[in-house]
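The values are calculated or read from the model by the stated rules, or taken from the named source; none is laboratory data. Only a predicted model underlies this, so the values are computations on that prediction, with no experimental measurement involved. Neighbour counts run over all protein chains shown; Cβ positions are idealised from the backbone, glycine included. Only protein heavy atoms, including side chains, enter the accessible area calculation; ligands, DNA and RNA are left aside. Shrake-Rupley method; radii C 1.70, N 1.55, O 1.52, S 1.80 Å.
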Amino acid sequence: MIRGAGSAPPSYPHGPMAQTRGFQLGRQFARWAPLASTALLWPTGPRGPRSRGIRRCSAEELRTPFPEIEARKTGNLVTVDGTHSLYYEVSGNPKGKVVLFLHGGPGDGSSPKHRRLFDPEVFCIVAFDQRGAGQSVGKKEFNTTEKLVQDIEQLRLHLGVESWELLVGGSWGSTLALAYSTRFPARVKAMVLYSIFIPSQASIEFPYSAAGAGLFFPEAHEAFAAAVDATGAQPGELLGRYAERLASEDTKVRNAARSAYLRWIMRLLSLEPDESIIEEVARNPEDAGDGLAIEMRYMANGCFVDADQLLEECKRIAHLPCAIVHGRNDLLCPPANAWRLRQRLPRAKLIFVPQAGHSSSLAPALRSEILKAIDGHR
């Protein structure tokens with residue numbers, strides 16, 4: 001329960017089912033998600049190896065998000081270092097189990113659609129926009145993983161929450177959830193993590209490398225590199241070029257880099273990228289905002305995390321109930337990320353979702369398994 005919460009849960013209007021938001025692409029991508037939900041769910045037969053603690057989803061009826069709800073409380077929190085103002089919101093049952101949702105990116109921002117992952121009669125849902133993302137503003141140079149971890153703890157204290165009864169994060173949000181929970185293990189009771197990202201050099205470089213995701217879309221990767229005069233460059237140099245141009249003060253340079261980046265990264269989100277949608281989004285680079293620059297700054301700096309140390313520190317949270325959900329065909333964060341994490345959290349339940357990519361917006365089966373995992377913490 002959050003300090004000062006009311007005594008009765010609000011009513012919740014019903015609305016049409018919609019997708020949760022795509023990865024790292026800013027708010028403009030939300031309107032395309034329902035059109036691009038082309039991922040298929042293939043049944044998992046009785047044959048094949050089954051490792052202890054690992055489940056492969058079956059072709060049962062898919063779960064859909066909860067009805068749309070409005071935030072019942074919003075606010076802005078000035079960070080301890082005084083460099084940022086963070087937007088936060090609280091929705092759902094004021095006397096419910098307190099869950100914190102951590103968005104992806106870095107730089108993507110939270111969305112009203114994220115509230116729909118949770119039963120609003122059961123959970124008190126807290127979300128916030130990380131530094132520089134969404135409605136949060138501040139000095140871009142004061143933005144590191146360590147500062148985000150401290151921001152989460154500051155938000156907990158500000159809301160009067162004794163501990164987060166559930167911590168949920170996808171992609172970069174899963175990284176941040178691990179960074180926070182290993183630093184403050186007594187403040188987290190359980191976790192649901194999906195589309196896992198462990199920021200090793202190999203994991204950071206894979207989506208941008210000709211020898212990584214570029215193997216699947218060689219012609220598109222060549223155009224991606226050529227757009228910043230980095231044909232044949234090593235992944236680190238390519239990341240550096242994009243980090244520089246996405247942060248450029250020159251609008252023409254910045255928007256050209258945004259468009260090229262969007263054309264590349266969007267085709268890695270799902271099993272069947274829609275070229276018409278990709279081009280429509282890429283033609284409006286201003287809509288992407290500063291999130292892409294934040295993301296590239298993090299990637300070019302190793303996400304300000306020692307990945308090996310982060311995994312080592314997972315021993316501090318090995319006792320926590322945890323579900324790990326990952327698309328089997330994820331081209332942004334390959335399944336090896338989830339497997340590495342599961343090796344450090346042997347009690348966690350690992351669910352590989354067949355025929356699913358990275359974005360839960362574009363893979364109904366992946367989203368369904370996330371919903372089921374969250375529902376297990378009623």
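Side notes on the structure shown:
- Furthest towards positive pole of dipole, 318, 331, 307, structure part segment 282-378, Cβ charges: 318
- Amide H to amide H, with H built 1.01 Å from N, residue 191 comes under 5 Å of 167, 322, 323, counting only residues 5 or more places away or on other chains.
- Over 25 Å (Cα to Cα) - which of 113/252; 95/189; 73/315; 95/140 fall in this group: 113/252; 73/315; 95/140
- For a straight C-alpha distance cut-off of 12 angstrom, the aspartates and glutamates reachable from residue 147 (same-chain residues fewer than eight places away being disregarded) are 81.
- Charge context of residue 357, other residues only, Cβ under 12 angstrom, K/R +1, D/E -1: +1
- In this structure the amide hydrogen of residue 327, modeled in the peptide plane, comes within under 5 Å of the amide hydrogens of 195, 353, none closer than 5 places in sequence on its chain.
- Taking θ as phi - 60° and the Karplus parameters 6.51, -1.76 and 1.60, the scalar couplings of segment 317-327 work out to 10, 4, 7, 6, x, 8, 10, 10, 10, 8, x Hz in sequence order, x denoting glycine and proline.
- Solvent exposure of segment 94-152 as accessible area per residue, Å², 1.4 Å probe: 28
- Ligands, DNA and RNA are left out, and with a 1.4 angstrom probe the accessible area of segment 155-269 is 36 Å² per residue.
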